[in-house]
1. Please go through (1) within 18 Å of the chain's Cα centre (by Cα); (2) within 28 Å of G199 (Cα to Cα) for Q93 and return the number of the only condition it doesn't satisfy.
2. Those residues that are under 21 Å from the mean Cα position of the chain (by Cα) and among the charged types (D, E, K, R), I need them from region 58-78; list them, please.
3. Which residues, counting only those in region 72-95, are under 20 Å from A188 (Cβ atoms) and either among the aliphatic types (A, V, I, L, M) or touching a Lys or Arg at 6+ places or on another chain (Cβ under 6 Å) (or both)?
4. For region 3-24, state whether one or more residues are modelled with pLDDT of 95 or more and closer than 24 Å to T210 by Cβ.
5. Are any residues in region 33-43 part of a loop (DSSP other than H, G, I, E, B) and either at pLDDT 85 or above or of a type in the set (V, I, T) (or both), and if so, which ones?
6. Would you point out which residue out of S67, S57 is at pLDDT 95 or above and open to solvent by less than 60 Å² (accessible area, probe 1.4 Å)?
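The values are calculated or read from the model by the stated rules, or taken from the named source; none is laboratory data. Worth saying up front: this structure is predicted, and the values here are computed from it rather than measured. A quick note on method: Cβ atoms are made from the backbone with ideal geometry, for glycine too, and the neighbour counts reach across all protein chains shown. In case anyone asks, the SASA skips ligands and DNA or RNA and just uses the protein heavy atoms, side chains included. Shrake-Rupley method; radii C 1.70, N 1.55, O 1.52, S 1.80 Å.
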Amino acid sequence: MRYLAILATAAVMLLTGCATTIRSDVTAFNAWPADLQAKTYAFEAPRGVDDTLEYRSYQVLVSNELSKLGFQQADEGQQPNLMVGMKYLTIDQPVRVIREDPFMGAPWGSPYWGRPGYGRYGWGYSRWAYSPFYDPFRYNGFGVEERIRHQYQRQLRVTINTTSGRKLYDVTVQNTSSVAATPHVMPALVQSAFTGFPGQSGVPRRVEITIDPKVDTVVAGQPAVKAN
């Protein structure tokens, strides 16, 4: 038992230590001027219902990526040259999964045992004996199990415009995964939005980013970005 416990602990450590790869579909449209010198910016004010601590934390992620590209956030009272907008959306999309299980059907797939034999929960002897293991919400006579699997569809959109309203950059990042926590995925979505900036206008790409599960940030020093 002690040996099995050690193996189980090692397996959990391996699973929790594995990095997560976030694959996103990215499409950016741009009319970026080659002679743009001033790169000070301010964030557009979000709507009242969107102005949350979570939203502001994602603004920090966008700001970090912009600083890598030479942009500088305007100080309070300073007139910016650019305005940056950000919107994100998460939709929980339940998916029905039907799985056939030969050990889950007759004789245990109905309230009455069919023939003597060994099933998933033990031995049955009488054709007309009532099965105490029958669950009408989980089993049926065909050995089919139905489950609900959650897929989370996420979309991030970032825009950069001049203060006069001229549109310069508009990128949309779309991702579907089984990861329930949006804060775990958002660092990868934000980095994907600026990968290859400004890039070819209107050309869809697939971008892969590796996330460190311990700190929920992009793994540093790894060639994790793969754009197709």
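1. (2)
2. Across region 58-78, the qualifying residue is only E65.
3. Residues satisfying the conditions are V84, M86, K87, L89, T90, I91.
4. Of region 3-24, the ones modelled with pLDDT of 95 or more are 24.
Those left that are additionally closer than 24 Å to T210 by Cβ: 24.
Yes; the residues of region 3-24 include at least one that is modelled with pLDDT of 95 or more and closer than 24 Å to T210 by Cβ.
5. Of the residues in region 33-43, the ones part of a loop (DSSP other than H, G, I, E, B) are 33-39.
Correct list: P33, A34, D35, L36, A38, K39.
6. Values: S67 fails: open to solvent by less than 60 Å² (accessible area, probe 1.4 Å).
Of S67, S57, the one residue that is at pLDDT 95 or above and open to solvent by less than 60 Å² (accessible area, probe 1.4 Å) is S57.
Per-residue answers, yes or no, for (1) at pLDDT 95 or above; (2) out of contact with any strand residue (DSSP E or B) (no Cβ under 6 Å at 6 or more places or on another chain); (3) open to solvent by 10 Å² or more (accessible area, probe 1.4 Å):
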site: V158; (1), (2), (3): yes, no, no
site: N161; (1), (2), (3): yes, no, yes
site: S164; (1), (2), (3): no, yes, yes
site: D170; (1), (2), (3): yes, no, yes
site: Q174; (1), (2), (3): yes, no, yes
site: S178; (1), (2), (3): no, yes, yes
site: P183; (1), (2), (3): no, yes, yes
site: V190; (1), (2), (3): yes, yes, no
site: A193; (1), (2), (3): yes, no, no
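Table: residues versus (1) farther than 19 Å from D92 by Cβ; (2) outside any strand (DSSP E or B); (3) among the β-branched types (V, I, T).
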| position | (1), (2), (3) |
| --- | --- |
| E146 | no, no, no |
| R149 | no, no, no |
| Y152 | no, no, no |
| V158 | yes, no, yes |
| V173 | no, no, yes |
| A180 | no, yes, no |
| P183 | no, yes, no |
| M186 | no, yes, no |
